[in-house]
Each structure stands twice: as C-alpha cells, then as structure tokens.
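Peer 1: Quick one: the structure is below, and I'll ask about it shortly.
The values are calculated or read from the model by the stated rules, or taken from the named source; none is laboratory data. All values reported here derive from a predicted model rather than from experimental measurement. Glycine gets a Cβ as well: all are built from the backbone with ideal geometry, and neighbour counts include every protein chain shown. What goes into the accessible areas is simple: the full protein's heavy atoms, side chains included, and nothing from ligands, DNA or RNA. Shrake-Rupley method; radii C 1.70, N 1.55, O 1.52, S 1.80 Å.
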Amino acid sequence: MEGILIVILIILIGVIIFLCSRLSLQKSYYAYKSNLLDNVEDSSTQKIKELEETVENLTKAAYTDITTKIGNRDFFIKRTIEVLSREKDKNFTLIGFDISNIGKVNQMFGPAEGDRLIRYVAQRLKINSMRGSIYAIVQSNLFATLVPTQKEAEILSWVERMTNDIAGSSDVFEVELRFGIYKVEDRTEKISEMLSRMVLAQRSVSEDNKVNYVFFGEELSQQYEENRRMCAEMEQALEDKKFVMYLQPMVDLHRNRIFSAEALVRWEHEEKGILSPYAFLPVFENTNLMLKLDYYMWEEACKTIRRWIDNKLEPLPLMLNISPIHLNSLAFLNILSGLLEEYKLQRDMLVLELPERALTSGSGDVLEVVKGIADNGYELCIDNFGGTHSPVNLLRDLPLTMVKLDRNFLKENSQNEEGETVLRYLIAMAKELNLTVVTEGVETVEQVNFLTEIGCDIAQGYYFSKPVSLREFDKLNKKVKRHGFRTNEYYPTFRDLELGVDIMEKMLDTDINF
C-alpha cells in the first residue's frame, strides 16, 4: 500500500513539474508573441509615418513650382477656394502680373538669365506680399496674388511698390511688369474664370498705356461675356465637326515637287462662311478649348495620312502646329503617340511646329520639354523664326530638324541688297547646322528665284497655293507629280492677233499652272 502511495506521489510530482514547465513555455511564448506584436506595431507605426511623410512630400511637390519654389496654379486655386469660403466678411482682389519683356531678356542673355529673373521676382513677391494674401506663379511667366482689400489706393500702392522693386533688379536691363486687376464680386464663380478675367485685364495693358495696369471694368466685362458666348458656340462646332483641316503645300525648290504640307484649321460657320484662324484662335488660346482643337486637328492629320496609304498614294509628312499651352509638360505626347498607334503611322510622318514666341518667352523648363519631345523621336521645326525677338542661339541649342523663316522677315529682307545679305547668311548658317530651311510668305517669282539661288530648301506661300481643302490638295499634288511645278508659259498665235488679244499682257502674266 505504501508503495502505491509513493508511486502516486511521484506521478503527481511529475504532473506538477510538467504543468509548471508547460506554463513556463506558455509564458515564454506569450512574451515572444507580445514582443513580436510590439515590433510589428513599431514597424507599422514607422511605415505609416514614412508613408505620411511621403504623401506630404508628394503633396508639397504637386503644389510647388519647380523653377521658383513657390506655389503653383493648383496651390493657388485650392487656397483661394478655402479663403473665399472661410473669410466671408472680407473683400478680395485678384492681381496678376508678368514680366512683359522676358523675351528680350532670354534673347540677349539666354534662358538661364530669364529663369534667374523669374525666381527673383517670385522672391520679391513673397517679401512684398500683403498680410493675409495668397500668391503663386500660375503660368511660366504669370504671377497671381489674392489680396484682402478692394481699396484702389492700397492696390495701386502695392502695384507701384512691386514695379519699383523689380525695376531696379538689374544694372544691365530694365525689367517691365504689367498688371491686371480683378475685384472679386461673385464668390461662387469658378476660380479659373476669375483668373481668366484677371488675365484679360492684364493683356489689355499696351505700350501706349501711361500706366502698367488695367482694372477689369465694364468694357472688359462685355468683351469677356462675348468671348464666353463665342467659346460655347465653338465648343458646339467642335462636337459637330464644323472645324475642317486645310493644307497649304510646301514646295521643294530643288525638285519642283510638293515636299510636305502644313495642316491649318478653318471653321465652316453656318452664317459667316469659312473663317480663318485669326477670327477665333485668340479666344481659343485663353481656354482649354485650345487643347481640344489641337487634339482634333492632330487626329484629322493622322486620318488623312492613313487614307493616302490605304489608297496606294505616296503619303506626305504633315506639319502640325503645337500651341504654347502644351509646352509645360510632355503629357501631350501621350495623345500623339496614341493617335500614331491607332492609325498605324510612323513618327516621321508628323513634323511638330513650335511657335518661336513660346520658346523665347518661356522658362528653361520649356526648353527641357522641347528636348524631351525630340528624345521621343519627333522631328521639330521652329515656326516664325526671324521675328523681332528670335535669338539665333535657339538654332544651336535646340534639337531642331527644320527652321521656318517668318513671312515678314522675308518681305522686309527681299527688297534691298542689305536685306538679301541677311537672308543669305541666315540660311547659310542654318544649313551649316544641318537644318532644313523653310521660307513662308513666298508671293513672287523673284522671291522664288532668289531663295533657290541662296540655298533655301522649301518654300510656302500664295505664289504656289493658298491653303486648300483635302480634295483640292490631292488634285494639286497629282498634277505636280505628273508635270512638276512651272509658271504659265504663253505662246502668241495668229488667232490671238485676229481677236486683238493684248499679247504683252499675256506674256507678263505669271499666274501659276500645275
């Protein structure tokens, strides 16, 4: 009996020892789990903190202009909405200004100096900003500030202070600012429309003005409403495909063949007939309709080239105008690439024409965008070169394949020997840089002969053809391929003598015959 009790006691002790060891293991396990959870919690907390910092940095970057390091357009719109909705007891005024002679600065001293000046103006705006105001750069060379006052004396005092402060920023050149002023009346109005009113006033400042500012008043209000009405009409016309593509031939002076054509837009207006771009593009350029119109025209160009290929016709590369609004980023290339893929076209079927004014008045960021376009395989042409503010270094610094001389440059320099010398050496320089030279605005046989003599490659103008519809262009191109380009040749006959035809007048007639 005693032995049994001892065995039972030993078993109980063993069970107790086993349970104690299990309990110890459980405690260790739970301690491990607790430490693991603590580590996971710490790690998660750290990751959340890192993510929050990343989001904060991305948000800051999204609302900051790269060049000036102050707020951008998105920042300005966001903050203006917040302030106008929160501070309802205050009156506000929107003031916008730009450096009106930035093009001259870029021309004389280069884009780097232009960027330096823009950064300097941004810092002076920050220092001189009114208490409680918001400021930002809303375009590459357009600053805006929302100030908590509508008192003209205070507004004009600030304008004068900024003008005098910036005017003395350089000992080499004078910096000129122009201001547009819009008093905010309707707070429910979209901020983008407020900015449009401000810009309309700012662009109304001319060199003839005795002051460098304009208030948005009744006259500009009527103009703005007329522009809005026209925009609505144009948007409907876009949907109804009332805008059509015309082509103006570009003639190879050495082969007497059509080398290419420039795609130009026309509006088939129901009441006013065919409208040229001068009638509506200035209104488009101040709205996002410019983007829609460009996308529409680019697709029409791709459709035309695809139709030539499908109909076994030799396709010609088309010149597409790229509006300045696109040169803020490379985003528009996604649209172009999508169109090329959809219509199965190569990039060399499109030549992108970049406006000279956008390159000379823009910042260094614009030039980087241009280089990015070339890196994506597109051929580039600078349009309207030879104007007042065309720096020759653009031909050297930009990845161009073509340069198009401005029509006024040809007109002004083809009337005397000095001007012809300028033309001759400019074309020679462009050729040395391996650029194809196009001259637009060619209207006389003398101009054609002179341009051919001095080595110009391509000519465009009414001497050859005005912009024509696609059907007329196809007929024209077919005739040129068959016969080449030649002027009318008149051979008098006895029949003409019998009819009393003015033979001398006929022989002097230089109309074009394809």
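Peer 1: Starting from the amide H of VAL351, placed 1.01 Å from N in the peptide plane, find each other amide H under 5 Å away whose residue is 5 or more places distant or on another chain.
Peer 2: HN-HN under 5 Å from VAL351: LEU318, MET319, LEU320.
Peer 1: Report the net charge of residues surrounding ASP240, where surrounding means a beta-carbon distance below 11 angstrom and charges are Lys +1, Arg +1, Asp -1, Glu -1.
Peer 2: -3
Peer 1: Taking the Cα atoms of the stretch 118-162, report the difference between the largest and smallest coordinate on each principal axis, in whole Å and largest first.
Peer 2: 29, 17, 16
Peer 1: Separate question: Find the percent of Cα-Cα distances in the stretch 166-210 that exceed 17 Å, and round it to a whole number.
Peer 2: Roughly 50 percent, once rounded to a whole number.
Peer 1: Out of the GluC sites (Glu not before Pro) in the stretch 187-229, which ones are loop residues according to DSSP with at most 14 other C-beta atoms within 10 Å?
Peer 2: For GluC sites (Glu not before Pro) across the stretch 187-229 that sit outside H, G, I, E and B with at most 14 neighbouring Cβ atoms in 10 Å, the list reads GLU189, GLU207.
Peer 1: Using the Cα atoms as the points, what is the convex hull volume per residue of the stretch 70-222 in Å³?
Peer 2: Spelled out: Cα convex hull of the stretch 70-222, divided by residues, is 113 Å³.
Peer 1: While we're looking at this one, here's another question. When Lys and Arg each count +1 and Asp and Glu each count -1, what net charge do the other residues less than 14 Å away from VAL214, Cβ to Cβ, add up to?
Peer 2: Around VAL214, the charge tally is -1.
Peer 1: Could I ask something else about it? Calculate the radius of gyration of the Cα atoms of the stretch 160-289 to one decimal place, then report Dmax, the largest Cα-Cα distance, as a whole number, both in Å.
Peer 2: Computed over the Cα atoms of the stretch 160-289, radius of gyration and Dmax are 20.7, 63 Å.
Peer 1: Quick check for you: with a 1.4 Å probe and neighbouring chains kept, what is the accessible area per residue of the stretch 287-418, in Å²?
Peer 2: Per-residue accessible area for the stretch 287-418 comes out at 44 Å².
Peer 1: I would also like to ask the following. How large a share of the accessible area of the stretch 253-349, in percent, is made up of carbon and sulfur atoms when the probe is 1.4 Å and the other protein chains stay in place?
Peer 2: 50
Peer 1: Let me ask another. Which order, highest average first, do 460-471, 249-260 follow once you tally other Cβ atoms within 10 Å for each residue and take the mean per peptide?
Peer 2: Averaged packing, sorted descending, gives the order 249-260, 460-471.
Peer 1: Averaged per residue, what accessible area in Å² does the stretch 212-252 show with a 1.4 Å probe, protein chains only?
Peer 2: With the other protein chains kept in place, the stretch 212-252 gives 51 Å² per residue.
Peer 1: Report the local net charge at LEU177: Lys and Arg +1, Asp and Glu -1, summed over other residues whose C-beta lies under 14 Å from its C-beta.
Peer 2: My count for the surroundings of LEU177 gives -1.
Peer 1: Got the relative contact order for the stretch 307-417 handy, in percent, Cα pairs under 8 Å and 6 or more residues apart?
Peer 2: Contact order relative to length: 24 percent.
Peer 1: List the trypsin sites (Lys or Arg not before Pro) within the stretch 132-213 that fall in a DSSP loop (any state other than H, G, I, E or B) and whose Cβ has at most 15 other Cβ atoms within 10 Å.
Peer 2: Loop-located and lightly packed - LYS151, ARG187, LYS190, LYS210.
Peer 1: If you filter the stretch 369-456 for trypsin sites (Lys or Arg not before Pro), then keep DSSP loop positions with at most 12 other Cβ within 10 Å, what is left?
Peer 2: Details: sites: LYS371, ARG396, LYS404, ARG407, LYS411, ARG424, LYS431; in loops: none.
Taking the stretch 369-456 and a limit of 12 other Cβ atoms within 10 Å, no loop trypsin sites (Lys or Arg not before Pro) are found.
Peer 1: For ARG357, what accessible surface area do you get with a 1.4 Å probe? Give it in Å², rounded to 10.
Peer 2: 130
Peer 1: Right, next: Taking 30 Å as R0, compute the FRET efficiency from the Cβ-Cβ separation of SER337 and ASN449 and round it to 0.05.
Peer 2: My answer for the efficiency is 0.10.
Peer 1: Compute the projected area of the convex hull of the Cα atoms of the stretch 298-416, averaged over all viewing directions, and report it in nm² to one decimal place.
Peer 2: Quarter of the Cα hull surface area: 8.4 nm².
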